[in-house]
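In what follows, a structure is listed as structure tokens, so that the remarks can point back to it.
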Amino acid sequence: TIDGSNMPNIDPELELAFRQTVYWIDTSPSIQLRLGKENPELLTEKWVSGAFMTAYNPKAMQVSDAANEQAHQALMRALQTSGFRFCKAWTEDPSGEWPREDGVFIWEISSQEAQAWGRQWDQAAVVWVDETSRADLLWIT
């Protein structure tokens, strides 16, 4: 499980923004990930762990829609050849300050692999879900 001990020196406002974000997995029906809690809806899937990630807004810095879409398409191509099972996902910012971010939920990925993918796509954090279905931020170090 994740206990926050991997958290580097993170700006408290950035952490709050990540924690207030709503993370969705595009299943039928869609599943909302709740950070710091178990997500029993995920237990109906056959999996051990998973991660939500996006290629949008590297290092939590807003970039153009075109740059975000280009990064997202590159992530999708990389995942299609990776052997990982994944599905579409997205984020919503309840405050409306950040636009929706398209992303993916990757099934059967370890926390180390999730961190490596987050690092490859220049992300500040990914949401990792452990075998109990507990979701939390996994900061990229």
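The values are calculated or read from the model by the stated rules, or taken from the named source; none is laboratory data. From a predicted model like this one, the values you see are computed outputs, not experimental measurements. All Cβ positions, glycine included, derive from the backbone under ideal geometry; neighbour counts span all protein chains shown. Heads up: the accessible areas ignore ligands, DNA and RNA and are worked out on the full protein's heavy atoms, side chains in. Shrake-Rupley method; radii C 1.70, N 1.55, O 1.52, S 1.80 Å.
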Completion exercise
In cubic angstrom per residue, the convex hull of the chain built on its Cα atoms measures 103 Å³
Exercise for the section: Please work out how much accessible surface R34 shows to a 1.4 Å probe, ignoring ligands, DNA and RNA, in Å² rounded to 10. Expected result: 80 Å²
Exercise for the section: Starting from the residue with the highest accessible area, list D102, D130 in decreasing order, probe 1.4 Å. Expected result: D102, D130
Problem - For peptides 87-94, 62-69, 26-33, sequence by mean Cβ density within 10 Å, most packed first - result: 87-94, 26-33, 62-69
Fill in the blank from the handout: Note, F18: beta-carbon cut-off 11 Å, +1 each Lys/Arg, -1 each Asp/Glu, net -4
Exercise for the section: Extending each Cα 7 Å along its Cβ direction at V22 and T141, get the distance between those two points in nm, one decimal. Expected result: 3.3 nm
Handout entry: Helix-derived mean residue ellipticity, 222 nm - over the chain, DSSP H n ≥ 4, -39500 (n - 2.57), to 500
Key = -7500 deg cm²/dmol
Practice task
From zero up to wherever the largest Cα-Cα distance of region 73-118 sits, split into 10 Å bins and tell me the percent of pairs in each.
Solution key: 23, 49, 23, 4
